[in-house]
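**Q** Take this structure, written in structure tokens, and hold onto it; I'll ask about it next.
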Amino acid sequence: MRLAGAIGLAACIASLATAAPAAERFAIDPSHSNILFLVGHLGYSRMVGQFQEFTGEFTFDEQAVEGSAVAVTISAASIDTDDQARDDHLRSPDFFNAAEFPEITFVSTAIERTGDNTGRITGELTLLGVTKPVTLDVTFNQKAPHPLPQYNGVLVAGFSGRTKILRSDFGMSTFAPAIGDEIEILLEVEGQQAP
Amino acid sequence: MSTDDPVFQTVIAPFAVALAVVAISQLAGGRRGQIFAGLGVALAVLVGYALLAGVPRFPPPASTQKLFYLIALGGLLGLVVDAAGRPPLLDRLAVVALPAVALVWLAWRQLNAGPEIPLLVTLGLLWAGMTAALWRLADASDRGAGVTGPALLIVAATGTAVVALLGRTATLSLLSGAIAAAAGALALWNYAASIIGGSSHGFGRMALLAAAGGLAAICALLVLFTPTASRLALVGILLVPFSEPAARRIRLGSGPTERILSPVVHAAVAAIPALAAIGIAYLSSGEAPAF
């Protein structure tokens with residue numbers, strides 16, 4: 001009798017687990033994603049730059065966003081500010097020190113919902129060997145099968161993210177504050193559902 | 001001039017700190033005076049670093065931050081050698097060991113990730129070059145009333161500053177400038193003492209291992225982590241201490257004329273490889289960044 005009860009309970013749990021929508025896993029699509037930054041230039045303007053090479057994935061559970069997660073790895077050497085000589089300098093030990101620290105990483109540690117389609121992602125950003133907590137304000141844009149036929153209806157999810165960091169917190173203080181210490185980071189990310 | 005001005009941070013402040021401590025060293029006199037003067041040079045370079053980039057946390061994650069502690073380590077090692085009366089074995093051991101420790105620490109992240117043959121070859125060549133340059137500078141430092149050593153260091157540091165700047169690394173350029181300024185204060189004091197009379201503080205191992213050791217580490221950083229810096233130009237900088245025997249062959253007579261002209265001639269001969277290095281760096285630098 002006791003054994004039959006236990007089997008029944010296990011079957012019930014198993015069926016619930018099967019019925020619950022699991023978090024879907026997405027691989028970041030670099031051709032439709034951008035990691036951009038804005039940095040003050042001598043008080044005149046804010047210069048725009050971006051990283052051209054990055055990889056990453058995220059899991060997304062619309063019903064329980066707390067169970068979602070994000071991990072991104074950026075190639076520091078892929079920095080692009082539309083000026084080759086300046087990009088060389090930005091790769092040098094004055095700034096990103098790309099030869100010594102080729103990767104910049106972000107790994108989420110907590111995600112919370114703040115509105116119908118907004119949330120806050122807290123994670124650890126590692127830059128120049130220094131790891132600091134960073135919080136991103138994100139907007140969930142859409143999740144739907146890709147409308148173009150060549151994509152074979154693959155599920156795509158898209159987000160926008162914004163945050164600000166102080167580069168000096170990571171030991172990057174060259175020319176600050178003339179070249180702004182505060183960096184605004186803009187993320188526009190699309191991910192295709194991973195098989 | 002603002003204290004945020006890079007010229008103040010890396011030239012005026014290090015020069016003033018070194019000159020002040022070197023002047024105070026006059027009160028101590030003798031070997032203690034030389035140790036204090038060395039302390040002044042080491043302290044001046046560290047002050048320049050701190051003003052420019054702040055005191056890095058310990059342990060420092062980045063190689064540029066490790067530089068601060070390597071300068072301090074060089075000073076400490078030099079202090080031990082000077083305080084012990086510079087016994088030859090300990091003296092040379094310090095000159096050989098400091099570059100080895102510096103290179104392993106600077107490249108620790110790469111070594112830890114699984115050392116590759118090209119990296120090991122580069123580190124081996126760097127160690128040989130850094131050790132040979134420090135060894136030559138140590139030999140030269142005991143000659144010329146304590147002016148020759150700092151004069152060679154000024155030339156090498158100034159050359160490195162320009163090569164680093166042309167190689168797109170302003171921080172390392174400015175730190176090289178701080179080393180030149182700190183060595184300049186000691187050179188000026190010893191030069192004046194050799195001409196108008198007074199006690200020269202020489203160029204003790206504390207000054208040598210902190211300032212020249214720091215400069216050698218800067219060159220290593222340029223080779224290891226700055227692909228845009230000309231490695232060929234850095235070979236020219238490496239040759240600066242080896243110019244001293246050639247300069248010594250130039251006859252300047254004796255007495256006051258020799259004392260006045262000798263450091264100038266040494267610096268002028270040392271400037272030849274340094275200028276060649278700057279020329280090579282300029283030709284290979286390309287367009288300046290648009291800041």
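Rule-based calculations on the coordinates, nothing more; no lab input. What you are looking at is a predicted structure, and each value in this text was computed from that prediction instead of being measured. Cβ: placed from backbone, ideal geometry, glycine included. Neighbour counts: every protein chain shown.
**Q** Given only helices, namely DSSP H runs of n ≥ 4 each adding -39500 (n - 2.57), what is the per-residue ellipticity at 222 nm of the protein assembly as shown, to the nearest 500 deg cm²/dmol?
**A** So the helix-based figure for the protein assembly as shown works out to -16500 deg cm²/dmol.
**Q** So what are the ³J(HN,Hα) numbers for the range B:255-271, from phi and the Karplus equation (6.51, -1.76, 1.60; θ = phi - 60°), rounded to whole Hz, Gly and Pro as x?
**A** Residue by residue, the range B:255-271 yields x, x, 4, 4, 5, 6, 7, 3, x, 5, 5, 4, 5, 5, 5, 5, 5 Hz.
**Q** Taking A:LYS143 as the anchor, which aspartates and glutamates have their alpha carbon closer than 13 Å to its alpha carbon, excluding any fewer than eight residues away along the same chain?
**A** Within the straight-line cut-off, A:LYS143 pairs with A:GLU24, A:ASP61, A:GLU62, A:GLU190.
**Q** How do B:ASP91, A:ASP137 rank when sorted from fewest to most other Cβ atoms within 10 Å of their own Cβ?
**A** Fewest-to-most ranking of B:ASP91, A:ASP137: A:ASP137, B:ASP91.
**Q** Right, something else. Mind listing the phi-derived Karplus ³J(HN,Hα) values for the range B:206-217, rounded to whole Hz, using 6.51, -1.76 and 1.60 with θ = phi - 60°, and x for any glycine or proline?
**A** 5, 5, 4, 6, 6, 7, 6, x, x, 5, 4, 5
**Q** Taking each residue of A:93-105 in turn, how many C-beta atoms of other protein chains fall within 10 Å of its C-beta, and what is the average?
**A** 5
**Q** For the range B:125-229, just list the percent of Cα-Cα distances falling in each 10 Å bin from zero outward, please.
**A** Reading upward from the zero bin: 17, 46, 27, 9, 1.
**Q** Same structure again: Within chain B, which is the longest segment containing none of the trypsin sites (Lys or Arg not before Pro) that sit in a DSSP loop and have at most 11 other Cβ atoms within 10 Å? It would help to have the intermediate numbers written out before the result.
**A** On the way: sites that count: B:ARG57, B:ARG251.
Counting only loop sites that pass the neighbour cut-off, the longest clear stretch is B:58-250.
**Q** Averaged over A:37-50, how many beta carbons belonging to a partner chain fall within 10 Å of each residue's beta carbon?
**A** 0
**Q** About the Cα centre of chain B, how large is the charge dipole given +1 on each Lys and Arg Cβ and -1 on each Asp and Glu Cβ? Please answer in debye to the nearest 20.
**A** Working: 16 positive and 10 negative charges, 92 e Å.
Here chain B has a charge dipole of around 440 debye.
**Q** Here is a further query. Hey, how much of the P(r) for the range B:23-76 falls beyond 15 Å, as a percent of Cα pairs?
**A** Above the 15 Å cut-off, the range B:23-76 has 51 percent of its Cα pairs.
**Q** 7 Å from Cα along Cα→Cβ at both B:ASP142 and A:ALA110: what's the point-to-point distance in nm?
**A** 6.4
**Q** Full extension from B:VAL55 to B:THR257: what is 0.36 nm times the residue separation minus their Cα-Cα distance, to one decimal in nm?
**A** Difference between extended and current length: 68.3 nm.
**Q** Looking at A:VAL156, B:GLY38, B:ALA271, which one has the Cα that reaches farthest to the positive end of the dipole of the protein assembly as shown (charges on Cβ: Lys, Arg +1; Asp, Glu -1)?
**A** Farthest along the dipole direction, towards plus: B:GLY38.
**Q** In whole Hz, with x marking every Gly and Pro, tabulate ³J(HN,Hα) for the range B:50-63 from phi via Karplus 6.51 cos²θ - 1.76 cosθ + 1.60, θ = phi - 60°.
**A** After applying 6.51 cos²θ - 1.76 cosθ + 1.60, I find 4, 5, 7, 10, x, 7, x, 5, 10, x, x, x, 9, 4 Hz.
**Q** How large is the charge dipole for the protein assembly as shown, taken about the Cα centre, if only the Cβ atoms of Lys, Arg (+1) and Asp, Glu (-1) carry charge, to the nearest 20 debye?
**A** Values: 28 positive and 35 negative charges, 448 e Å.
Dipole magnitude for the protein assembly as shown comes out near 2160 debye.
**Q** Right, another one. For peptide B:225-231, what's the mean number of Cβ atoms from other chains within 10 Å of each residue's Cβ?
**A** Values: counts 8, 8, 6, 6, 2, 0, 0.
Per residue, the average neighbour count from other chains is 4.
**Q** Sort largest first and round to whole Å: the equivalent ellipsoid semi-axes of the protein assembly as shown, each the square root of five times a Cα gyration tensor eigenvalue.
**A** 57, 23, 20
**Q** Could I ask something else about it? When the Kirkwood radius is taken over all Cα pairs of chain B, what Stokes-Einstein diffusion coefficient follows at 4 °C and 1.567 mPa s, in µm²/s?
**A** 69
**Q** In vacuo Debye scattering of chain A, one point per C-alpha: log10 I(q)/I(0) at q = 0.16, 0.18 Å⁻¹?
**A** Per q value, in the given order, log10 I(q)/I(0) is -1.04, -1.23.
**Q** Give the aspartates and glutamates reachable from A:LYS164 as a straight Cα distance under 18 Å; neighbours fewer than 8 places away on the same chain don't count.
**A** In chain and number order, the partners are A:GLU124, A:ASP137, A:ASP181, A:GLU182, A:GLU184, A:GLU188.
**Q** Continuing with this model, one more query. Restricting to Cα atoms and excluding each atom paired with itself, what does the Kirkwood estimate give for the range B:37-183 in Å?
**A** Details: mean 1/r = 0.0613 Å⁻¹.
Result for the range B:37-183 stands at 16.3 Å.
**Q** What per residue convex hull volume, in Å³, comes out for the range B:169-291 when only alpha-carbon positions are used?
**A** Enclosed volume per residue, from the Cα hull, is 121 Å³.
**Q** Relative contact order for the range B:1-75: what percent, with Cα pairs under 8 Å and sequence separation of 6 or more?
**A** Working: 68 pairs, mean separation 23.3, N = 75.
Once divided by the residue count of the range B:1-75, the mean separation gives 31 percent.
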